[in-house]
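Derivation of every value follows stated rules applied to the coordinates shown; laboratory data play no part. For clarity, every value in this text was computed on a predicted model and none was experimentally measured. For neighbour counting, all protein chains shown are included, and Cβ atoms are generated from backbone atoms with ideal geometry for every residue, glycine included.
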Amino acid sequence: MGIKIPDYDPSAFSLGRELLEWVESITFAGVVAFFLFTFVVQLVTVEGHSMEPTLVEHDRLVIQTINYEQPELGDIVVVKLPDSRPLIKRVIAVGGQTIDIDFENGIVYRDGEVLDEPYIMEPTYRNKDMVFPAQVPEGCIFVMGDNRNHSADSRDTTVGMVPIERVVGKAILRFMPLESFGGLYGNPDGEERASGIAVELNPAA
């Protein structure tokens, strides 16, 4: 009893090999993406309005979490305080600097100098229970939302001076909505959208 050996079809072999290479590439890309979004960056969704106009509700951001040890002035950061959902705010002062706010005229001073803040929604008229002038302790940062009169931030002692170890990371990119895709610092058109108040952490979303 004989057997039949199928005719060799080089095109079928080539197609199979190509499909295998595609599967391997997709698998490799998935593994890289998993480790990237788990250990290097996080994806977050903005909730609320405290950072408008820089970011708005439902904006989706990429947060740098690795090799970000010292927040700098102007950085938009995600902080996680005890018994609190994550907040996203702007760094206004760092350790050793003194903040003072003229709430009558809406002016913020850092080390006696008036801040130029083109990113805010409106001047800072609303006070909470923090006493000013206030010096930021070493190892801490003072943060505020860009929507100054609708933001829970370092003016409120429930947030207060934020220890650096409570900083999850720095917002570096908005990827949704697509029409607003891009970096968050130094819009070349001179138009700033504001950053949101609280975020939903989605490490691998």
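Taking the Cα centre of each part, how many Å lie between the stretch 145-182 and the stretch 70-137?
11 Å
Pop a pseudo-label 7 angstrom from the Cα along the beta-carbon direction at both ASN105 and TYR125 and give the gap in nm to one decimal.
With each label placed 7 Å out from Cα toward Cβ, I get 1.6 nm.
Using every pair of alpha-carbon atoms in the stretch 67-115, split the distances into 10 Å bins beginning at 0 and state the percent of pairs per bin, rounded to integers.
With 10 Å bins starting at 0, P(r) equals 22, 42, 31, 5.
Starting from the Cα-Cα distance between HIS58 and ASP116, subtract it from 0.36 nm times their residue separation and give me the gain in nm to one decimal.
Numbers: separation 58, 0.36 × 58 = 20.88 nm, distance 2.75 nm.
Here the answer is 18.1 nm.
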